[in-house]
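The values are calculated or read from the model by the stated rules, or taken from the named source; none is laboratory data. All values derive from a computational prediction rather than experimental measurement. Virtual Cβ from ideal backbone geometry, glycine too; neighbours counted across all protein chains shown.
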Amino acid sequence: MTQSLPPLEELIACHECDLLMRHPRVGLEQKACCPRCGFELVTHRSHMRRRSLALVLTALILFVPANFLPIISLNLLGQNAVDTVWSGVLGLYNAGMEGIALVVLLCSMLVPLMKLLCQLFVLLAMPYAELRPAACYWYRVYHHMREWGMLEVYLFGILVSAVKLLDMAELHLGVGLGCFVALMLTQVWLEVTMSPHQVWDALSEKEDGHART
């Protein structure tokens, strides 16, 4: 006799090795890993929604100063120059490098902002059954945009430039750099806190259910 497979909603496939297995049941602050490769399959964090909301609101508050306050102040041969992320985009555009300016604008400003707005909408929509279909759509959009948000690459570029300019000019780090670093760390913390499987479970609940937090 052939053994019938359990329903699809009871199965889960490992993202790394494609091992198909029953969906593990985990308690608060517990996680389940793939028995074959050790990849983290499911994590159930307590108060996930409230903690994620706090982090996404913090990131949105930091977004404006991180992009529009001075990152570095440069004094070279008596001339002062104050740079921000936005002024870097404008500088590239005015120098005739419109394509590079567009890429920097997308990867350092627009995509990170869209990711945060998608996460905010998903978290706010969890308790409301009528909003969950739209939240599922925007959560998929968020996952497609993850590869385009490259704040850490931009930060490394700033640090490398600062190190190279230390011997040539007087350099001062601005408030914007601190906000930029804080924004990047907040987004990383948000990625860890906002467990994808927990989000999908909350969005796939029946209309008479309550979103788990």
Return yes when A101 is surrounded by fewer than 18 Cβ atoms within 10 Å (Cβ to Cβ), touching a Phe, Trp or Tyr at 6+ places or on another chain (Cβ under 9 Å) and in the same structural domain as V188 (by TED's automatic domain parsing) and no when it is not. no
Filtering region 74-86 down to residues that are out of contact with any Asp or Glu (no Cβ under 8 Å at 6 or more places or on another chain) and either farther than 20 Å from A182 by Cα or part of a strand (DSSP E or B) (or both), which residue is modelled with the highest pLDDT? D83
Restricting to region 118-151, name every residue that is crowded, with 18+ Cβ neighbours inside 10 Å and of a type outside the set (A, V, I, L, M, F, W, C). Q119, R132, Y139, Y142, G149
If we keep only residues of region 164-189 that are touching a helix residue (DSSP H, G or I) at 6+ places or on another chain (Cβ under 9 Å) and at pLDDT below 80, then the residue surrounded by the most Cβ atoms within 10 Å (Cβ to Cβ) is L171
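Table: residues versus (1) part of a helix (DSSP H, G or I); (2) of a type in the set (K, R); (3) closer than 18 Å to L60 by Cα.
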| residue | (1), (2), (3) |
| --- | --- |
| L105 | yes, no, yes |
| L124 | yes, no, yes |
| L131 | yes, no, no |
| H144 | yes, no, no |
| E147 | no, no, no |
